[in-house]
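Here's the structure, in structure tokens; my notes come after.
The values are calculated or read from the model by the stated rules, or taken from the named source; none is laboratory data. Source: prediction; values computed, not measured. Glycine gets a Cβ as well: all are built from the backbone with ideal geometry, and neighbour counts include every protein chain shown. Remember, those area values only see protein heavy atoms, side chains included, never the ligands or the DNA or RNA. Shrake-Rupley method; radii C 1.70, N 1.55, O 1.52, S 1.80 Å.
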Amino acid sequence: MKFLWLALKDLTLVARDKKAFLTLIMMPLLLIAILGSAFGNMMKEDEEASIKKFTLGVVNLDQGQLSKVLTEEVFSKNLSKQIAVKYYQEEELNKKIQDHKLEIGIVIDKDFSQSLMSGKGTKVQLITVPDTVIKATIVQNVIEQFSRSVPIEAVVSQMSQPVQAGNPGGMDIESYGKKPLINETTIDAKTKPVSSFQYYAAAMGVMFLLMTVVQGVSTMILEKEQDVFNRLLLTNLTYPNYLLGKMLGLMVICLTQAFIIIVGTKLLFGVDWGPSVSGIIVMTFAFVVNASGLGVLAGSFIKTEKSFNVAGMFGTQIMAALGGSMVPLYVFPDWAIFVTKFFPNGLALQTYLDLMSGAAFSKILPSIGASIGLGLFFFAIGLMRLSLERRGKYA
């Protein structure tokens, strides 16, 4: 248990440092207040204003009558005040959405009418750019309602025919309208819009947690540079105990900072972090494990504090920019959003946004597992690196 007093030492040093307190606690809340006030509820307001009229891209691969009724009668005529329908080829539709020239589109399968009439269920692919929550919900609800109510005449006709062996029309009346119709790609019907205050609370929070890790690892490297590390080893402190103590200290500091940021933004600015309290707690712990593991790994390779400070701060800014802390994620293409999940802050930010949008705890389990797994992997590599370094010196 020798690693505990090492973690306690780091915590005591941070508690006595007023400059560190201001950097870790006051700066995040100040920046969140400035950015949230400057942008207001721009993200939410823009979404609400745009739902008055929007274009729905349609790829109709079906030759049946029901797909024409859905696109021409339901969307084009009955919902003409809210939706403008424009037809595309499938490749062209994907290109338009990837380039953000079109926000939402659907692809109707070639057997749409036949499958729907037979009661087998069918699929409609819903394709959207990120954060077009309300528009996607409108389109999804319309299609699902259509699947339940059309064609009523066909059902009545089947029921009115003389009873024969089996069901000659092939219609499964019991299961009709109950099977899933829409295959979504980037949207959840229960998702709620995220305001600017919510977005920047999460974005600034993960960015400053990375900065905290950089400061903690700087102390670790300074100890190695000033031979404090070697003197610690003379006390029979093993490499695993040293790294575990450093990582534990970092985790406690980061968790404290995260707690203050989450509670502070909730009380001061009314930021809603989502209904899943357990999801927020567990994801915060997973992110801290990931970031601390990465910091310990970096500290095991870099030998001088000055070089790490430059590289660490520069790397933090790059990760913050690519992870969505400086530029909102919704302006990035889909592939870039996927790539940012490999950064600790990018994965954490997207998970926090999912929780703020109403995601359940079960939905974020893959992100939690990935964060903890990466953190432990980084820690193991750092331990191997220090062990090899010591063997090289005393071989």
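All of V252, V296, V310 fail the test of being touching a Lys or Arg at 6+ places or on another chain (Cβ under 7 Å), farther than 19 Å from Y199 by Cα and either part of a helix (DSSP H, G or I) or open to solvent by less than 50 Å² (accessible area, probe 1.4 Å) (or both), apart from V296.
Yes or no: F342 in a helix (DSSP H, G or I), farther than 22 Å from V271 by Cβ and out of contact with any His (no Cβ under 8 Å at 6 or more places or on another chain)?
Values: in a helix (DSSP H, G or I): no; farther than 22 Å from V271 by Cβ: yes; out of contact with any His (no Cβ under 8 Å at 6 or more places or on another chain): yes.
Considered against the rule, which asks whether it is in a helix (DSSP H, G or I), farther than 22 Å from V271 by Cβ and out of contact with any His (no Cβ under 8 Å at 6 or more places or on another chain), F342 comes out as no.
Pairs needed: first member in region 350-364, among the acidic types (D, E); second member anywhere, assigned to a helix (DSSP H, G or I); C-beta distance under 9 Å; at least 6 residues apart or different chains. Partner pairs satisfying both residue conditions: D354/G279; D354/K363; D354/I364; D354/S367. Comparison of F314, F342, F308 shows that the only residue that is touching a helix residue (DSSP H, G or I) at 6+ places or on another chain (Cβ under 6 Å) and modelled with pLDDT under 85 is F308.
Cβ-Cβ distances below 9 Å connect the following pairs, each with a first residue in region 104-128 that is assigned to a strand (DSSP E or B) and surrounded by fewer than 19 Cβ atoms within 10 Å (Cβ to Cβ), a second residue that is of a type outside the set (G, A, S) and modelled with pLDDT of 75 or more, and a separation of six or more residues or different chains: Q125/V59; Q125/I106; Q125/V107; Q125/I108; Q125/D109. Inside region 54-85, residues that are in a loop (DSSP other than H, G, I, E, B), out of contact with any helix residue (DSSP H, G or I) (no Cβ under 6 Å at 6 or more places or on another chain), farther than 20 Å from K96 by Cβ and not polar (S, T, N, Q) make up a count of 2.
Does L93 satisfy being open to solvent by less than 40 Å² (accessible area, probe 1.4 Å), in contact with a helix residue (DSSP H, G or I) (Cβ under 9 Å, 6 or more places away or on another chain) and either at pLDDT 85 or above or not in a helix (DSSP H, G or I) (or both)?
Working: open to solvent by less than 40 Å² (accessible area, probe 1.4 Å): yes; in contact with a helix residue (DSSP H, G or I) (Cβ under 9 Å, 6 or more places away or on another chain): no; either at pLDDT 85 or above or not in a helix (DSSP H, G or I) (or both): yes.
Here the answer is no, as L93 does not meet what is asked.
Can you find a residue in region 329-338 that is within 30 Å of I97 (Cβ to Cβ) and outside any helix (DSSP H, G or I)? Can you show your working first?
So in region 329-338, the residues within 30 Å of I97 (Cβ to Cβ) come out as 329-338.
Subsequent filtering for residues that are outside any helix (DSSP H, G or I) retains 332-333.
Checked against the condition, which is being within 30 Å of I97 (Cβ to Cβ) and outside any helix (DSSP H, G or I), region 329-338 yields at least one hit.
Checking each residue in region 77-90 for being open to solvent by less than 80 Å² (accessible area, probe 1.4 Å) and under 30 Å from A336 (Cα atoms) picks out I83, A84, V85, Y88, E90.
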